[in-house]
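The structure appears below as structure tokens.
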Amino acid sequence: MDASLKALLSSVVDYAGLFPPAKLELQPAMANYAQYQRTPYSWMLGRFILPSSRLQEFEQLLPDYPAQWLLSIIMTGDLQKALAQLKSLNNPKIAIASLEFPPLPPREIENILPLIPPEVESFFEIPFNSDLQSYLSVLQHPRAAAKIRTGGVTVDAFPNFAQLYQSIFAFAQAQIPFKATAGLHHLLFSKHPVSSEANSPVAWMHGFLNVAILAALIYQQKLTPELAVEILEETFLNNFQFTSDRLSWKDYQLNISEITSARNNFFRSFGSCSFQEPIDDLKDMRLI
């Protein structure tokens, strides 16, 4: 595997096995995460996504698993109570890396930010139909970040190209990190059923490689909006090249330092209810 690809996809998948369409129970989801840490592909594994409402259940199951747990907590219910519960955690196997919030008005986000521990990153979901500018100034705050939904279990849950690239350009201009969630199970832009149900509708899904490279090129100011759609709709793997010191899409290049900077400071990760599907796509394309 080429070093440029590893830099691009290191710790990129936040495992969300509890959420649709997988919707696993907590015990098998925890077993999966623990097992993924022992595979040759553990370098791609990021956080374990856990609702705050299930933290107590998680702690009860924890002795069954020797793994180290890097958690991203989905904040639900009473915020003050959830934060107090997080502060009471005292287990060397657990690290709270981030908190994730549902769509909230900008004013409410302003009130929440001072309550969050400074060492914890906070992701606030921004709906595509919202006034994006009203969120940008609020999120220009240390350890604050954006979250965008790139799919779901219905066809209309997938944003169009313009919605996606316009948000990413806006985040880059405002220097706001972001993560994506849902719908990025596959390597390249392609058509798939939205669930495992026999009568599942089929949707065009964004590719995690398309989005990751687009974000890195935008962050490094190497791409115009006119070319963004071309990357997002790219289905031909040969237009992407990976070597030991750089990656490229057509004539646009990023060196290892630029890739690493974009991942560390801008495109943080994507949540996926499957860790195996991204791995399988990379294997099928002989990239790993």
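What the table below lists for this structure:
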| quantity | calculated |
| --- | --- |
| Search result, residues across the range 162-212 that are in a helix (DSSP H, G or I), within 17 Å of the chain's Cα centre (by Cα), small (Gly, Ala, Ser) and more than 19 Å from MET285 (Cβ to Cβ) | SER167, ALA172 |
| Residues of the range 236-254 classified as in contact (Cβ under 8 Å) with a residue 60 or more places away in the chain and either part of a loop (DSSP other than H, G, I, E, B) or in contact with an Asp or Glu (Cβ under 6 Å, 6 or more places away or on another chain) (or both), total | 4 |
| Out of ASN129, ASN90, sole residue that is under 27 Å from LEU26 (Cα atoms), out of contact with any strand residue (DSSP E or B) (no Cβ under 9 Å at 6 or more places or on another chain), modelled with pLDDT under 95 and part of a loop (DSSP other than H, G, I, E, B) | ASN90 |
| Residue within the range 239-261 that is within 17 Å of MET285 (Cα to Cα) and either under 14 Å from the mean Cα position of the chain (by Cα) or among the small types (Gly, Ala, Ser) (or both) present | yes |
| Criterion violated by SER196 - all others in (1) surrounded by 15 or more Cβ atoms within 10 Å (Cβ to Cβ); (2) touching a residue at least 60 places away in the same chain (Cβ under 8 Å); (3) not hydrophobic (A, V, I, L, M, F, W, C) satisfied | (1) |
| Test: LYS191 is among the charged types (D, E, K, R), closer than 27 Å to TRP204 by Cβ and touching a residue at least 60 places away in the same chain (Cβ under 8 Å) | no |
| Residue list for the range 204-236, restricted to those being more than 22 Å from LEU254 (Cα to Cα) and either of a type in the set (Lys, Arg) or crowded, with 19+ Cβ neighbours inside 10 Å (or both) | MET205 |
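The values are calculated or read from the model by the stated rules, or taken from the named source; none is laboratory data. It should be emphasised that the depicted structure is a prediction, and the values quoted were computed from it without experimental measurement. Ideal geometry is used to build each Cβ from the backbone, glycine not excepted, and the neighbour counts take in all protein chains shown.
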